[in-house]
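First the structure, in the form of structure tokens, and then the observations on it.
The values are calculated or read from the model by the stated rules, or taken from the named source; none is laboratory data. All figures in this text were calculated on a predicted structure; none of them were measured in a lab. Counting neighbours? That spans all protein chains shown, and the Cβs are built from the backbone with ideal geometry, glycine included.
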């Protein structure tokens, strides 16, 4: 095509193409220009101009993506000029290679035009896609909806939609569609730009997850936490739990001396101990907002933030523990001063007293504890055998309640006592009896007198207003009074015995109740049996409290007993409701205020005190207006009370003032309370403190914009800034350049020094980048990646200056406390607008592609983006995706090449070799996917599945070829940086049952020679653990004899290039002979690789080479074939 040309349309709309470099409004990207004119230089002008509006329309079409409405007018005019020819060659070239999908859709839903990106996005060829309609790719589109959409889209108007499209393979994905309705000689089409939103939605989900994680670590932690500046002795941050615990509206900026009761100097000394790590646990007394002093345990340690050393403290309230300790001491004192006897004794009839209190001594006429302690308890029973029976009952039931026993004192004086006891288990595991003894001698004598009057009492039972029953010990009922029958609804003849009564009243619980009644035969006094639920004849239930007592002192089967009952059904229900209401008020997190009809405060809950700072005693009898902040005027309160008086309720947001003067927001709900007669008795107000909610909203906004670790912009904010810069009117005068800086080998820093050290390195790099002048914006966009946005009229000069500043000022050693200097290397990718992309995502993605190329070519260097690199990156990305799936599906297999002992030609080992046969790609060579696995971090999961399989199969090979069989397995040098690598290898071998001395780890000569101290220590750990070490490809690197001697490898493999020279090159044969002699001198065995001829085999045997492998013996084979050798 000529460099200058002209064409005129039927409407006399002309278009001319000027020579390269001529000024103009729009043009082709240099990639497309080279297709038209191969002579055009690669580094020539990147914009080739058009004068005609038809040609310029293509750039305007692209800018519809930016949302500029005025471009629509130009676009409509330019399409009318074409008069039936939608595109010329140049325009079609631009649209064909646009990065986003482009569709021209007719009224019937068929496609007039689609570009390459559209076809690739959906997985069709362009020809196949043109044969489809919009309904085939839009999962929710039908003819009726399309017709409505067509009619609703006005000319000269762009519409942005989010839809879901369906690929050729049936999967659907989210897209953004920008639609424009255009007319062409009376023919209407929809011009659409379509962009895949899948990655964007994944990024948004990841951001939400990260924010929730950070929120849970500190803000939402239930333990009070705060950050302290040891220099100013002030709080720089505190979580919600800390604010709730201390009762302050705001702790940030507060002096620590306001909380800690120590003097400022003492506080400073304790903080210094925490800062240097000398002490991390402290016992303090802290002051709450209401003035209360509480004992606390503080766990404190140093942290780094923004270059400052701060202290992170977690607080534990131990006031309850201290109160329990004080209560225990009080209990001990109380026991000593009790008027009733308290004792501990061992079990059984021969059980002895272990301890007694003074009252116990007084009851038994003992002058001191020694007259009881150590003596058998049975000695003090009137009937000593009763002690064994009593002990057995306590052991069986777990307790005995007020059993009446006749006893003898130390002086022989007879007494009657009431025993209440229970079993308890001591710390060492032994079980004893502990109980209380009450002297009831006078009471017992009185009861005897009362029994004489029983006959006078019996006739009054029937007329008693409470339920009463008289029954014999064998269960016969002598009398049930009228109150009992009336309340239960049963007739007297229906309950002749206690057994029948319990069946009717207790149902399935009858057996347990009868057991309790049976124990009444042994009682000698009144027994509070407790509360029982009984069933009446009509099916209703009542709660009765029973009290029982014997009316006769003997234990005969005819012994008469009496039980009385009190109906407490209503009382228990009322008590339950009151307890529930009280628990709700006391435990509520919301503040609760109850006033009288005159609006004077009658009751507040603990949350009210915690939120406002006022104790209940300070507000009782006062009007709630003492909390007024003054932000609401009198008319506001009039409207509020009018709503309460008219509707009985009001709620809304209001600002009140705490006792300390602080103003805070709250959500307040007030209700009027009336009695059953409709009289107003109370107002109840419930309010929630909104301070922390509003603070959380502010914090969330920060997290959405900033990177928490460095304080720089995050990826989302950086992309937003690029978009704003692109849309800025000053954009044409100040071209944009994006630099993406990747920290080289940052994973090694994390692996060797730990993640805290890695975080400190990233913060230091961020600080250094912030000091580079001329930078419009800096952000941390990924784990170890930082991005810079440059805007300048002199783009090249500014870029060179920034690159130099990064390499000179940022890529320097970083020194951290107690660590050796850390070398820093930065690889930089460069992308410019609009050459390398017209959207923020494209620019940043292309800069990342260029950065990856810089890392591959020369770490610490820089590279400009090129389209070819983008295609290569895309190819590698697809290969990485397939490799991940192959690893998950265990698609990779292991082949084995035998290692033969030359002196007897026996197979004594095998080298495990990774093989990948992809269903989609076919055979993928190891030299393709192994380096990719190392670069993407997939090397360990790949190695793991291959090692697990190889170890299991090697165990079967040992059974087939003998116990001297060894498996040789290659590892990546990167895995030596993992501190847990050796233990992982040991664990895999142990799981398969393969002995360690049957496993040989192979590393290339250059890999072993280039390892640092940490990797060398890892090799020593593996060797000391029983793993054999082998040096692979020996002769291709530069070995140190001293290091080889120190490493003490078991064997080395001579590279196949030397083996190939045997018999042809005397010099090569001498080198091989020297390698074998050196290996033997260092105590290593020798394996020759790549043996393909019998001559090579015989020469190696003559040179005293022990082992060989190669195609002469066998190519690599799958396991089943290998076992047939």
Strands (runs of 3 or more DSSP E) wholly inside the range 326-428 that include at least 3 residues being touching a residue at least 24 places away in the same chain (Cβ under 8 Å), within 56 Å of the chain's Cα centre (by Cα) and not assigned by TED's automatic domain parsing to the domain that holds residue 527: 341-345, 399-408, 414-425
Residues located in the range 1093-1125, provided they are at pLDDT below 90 and either closer than 16 Å to residue 1054 by Cβ or assigned to a helix (DSSP H, G or I) (or both): none
Complete set of residues in the range 892-935 that are surrounded by fewer than 17 Cβ atoms within 10 Å (Cβ to Cβ) and over 43 Å from the mean Cα position of the chain (by Cα): 901, 903, 904, 905, 906, 908
Among the candidates 542, 547, residue that is over 51 Å from the mean Cα position of the chain (by Cα), surrounded by 16 or more Cβ atoms within 10 Å (Cβ to Cβ), modelled with pLDDT of 85 or more and not assigned by TED's automatic domain parsing to the domain that holds residue 242: 542
The range 425-445, residues that are more than 13 Å from residue 363 (Cβ to Cβ) and modelled with pLDDT under 90: 425, 426, 427, 428, 429, 430, 443, 444, 445
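Filter the range 590-605 for residues that are in a loop (DSSP other than H, G, I, E, B), in contact with a strand residue (DSSP E or B) (Cβ under 7 Å, 6 or more places away or on another chain) and surrounded by fewer than 21 Cβ atoms within 10 Å (Cβ to Cβ) and give the result.
590, 596, 597, 599
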Residue pairs meeting the criteria (Cβ under 7 Å; at least 6 apart or on separate chains; first more than 14 Å from residue 710 (Cβ to Cβ) and in the same structural domain as residue 806 (by TED's automatic domain parsing), in the range 753-780; second assigned to a strand (DSSP E or B) and modelled with pLDDT of 85 or more): 774/790; 775/788; 775/790; 776/789; 776/790
Some residue of the range 476-488 being at positive phi and either at pLDDT 90 or above or in contact with a helix residue (DSSP H, G or I) (Cβ under 7 Å, 6 or more places away or on another chain) (or both): no
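With the condition being in contact with a strand residue (DSSP E or B) (Cβ under 7 Å, 6 or more places away or on another chain), without any contact (Cβ under 8 Å) to a residue 60 or more places away in the chain and surrounded by 15 or more Cβ atoms within 10 Å (Cβ to Cβ), I'd like the strands (runs of 3 or more DSSP E) fully within the range 606-710 carrying at least 3 qualifying residues.
The qualifying strands (runs of 3 or more DSSP E) are 649-657, 663-674.
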Selected residue (only one of 837, 829 is on the phi > 0 side of the Ramachandran plot and touching a helix residue (DSSP H, G or I) at 6+ places or on another chain (Cβ under 7 Å)): 837
Failed item in (1) modelled with pLDDT of 80 or more; (2) surrounded by fewer than 19 Cβ atoms within 10 Å (Cβ to Cβ); (3) not in a loop (DSSP other than H, G, I, E, B), with residue 796 passing the rest: (1)
Complete set of residues in the range 121-138 that are within 40 Å of the chain's Cα centre (by Cα) and farther than 16 Å from residue 192 by Cβ: 123
Selection within the range 353-375 - farther than 23 Å from residue 402 by Cβ and surrounded by fewer than 18 Cβ atoms within 10 Å (Cβ to Cβ): 367, 368, 369, 370, 371, 374, 375
Residue that is nearest to the chain's Cα centre (by Cα), among those in the range 1019-1035 that are more than 22 Å from residue 1078 (Cα to Cα) and in contact (Cβ under 8 Å) with a residue 40 or more places away in the chain: 1022
Given (1) modelled with pLDDT of 85 or more; (2) not in a loop (DSSP other than H, G, I, E, B), index of the condition residue 824 fails: (2)
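Listed here are the residues, each with its yes/no results for (1) in a helix (DSSP H, G or I); (2) touching a residue at least 12 places away in the same chain (Cβ under 8 Å); (3) buried (at least 17 other Cβ atoms within 10 Å of the Cβ); (4) at positive phi.
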| site | (1), (2), (3), (4) |
| --- | --- |
| 945 | yes, yes, yes, no |
| 950 | yes, yes, yes, no |
| 959 | yes, no, no, no |
| 968 | no, yes, yes, no |
| 974 | yes, yes, yes, no |
| 979 | no, yes, no, no |
| 982 | yes, yes, yes, no |
| 989 | yes, yes, yes, no |
The range 491-510 residues that are assigned by TED's automatic domain parsing to the domain that holds residue 539, paired with ones that are assigned to a helix (DSSP H, G or I) and at pLDDT 90 or above (beta carbon under 6 Å, 6 or more apart): 495/501; 510/503
Exclusive hit being closer than 30 Å to residue 210 by Cα and in contact with a helix residue (DSSP H, G or I) (Cβ under 9 Å, 6 or more places away or on another chain), set 885, 812, 853, 791: 853
Selection from the range 170-191 of residues that are part of a loop (DSSP other than H, G, I, E, B) and over 16 Å from residue 135 (Cα atoms): 185, 186
Exclusive hit being at pLDDT below 90 and assigned to a loop (DSSP other than H, G, I, E, B), set 1068, 1090, 1037: 1037
Complete set of residues in the range 97-137 that are assigned to a loop (DSSP other than H, G, I, E, B) and over 14 Å from residue 188 (Cβ atoms): 97, 98, 99, 100, 115, 123, 124, 125, 131, 132
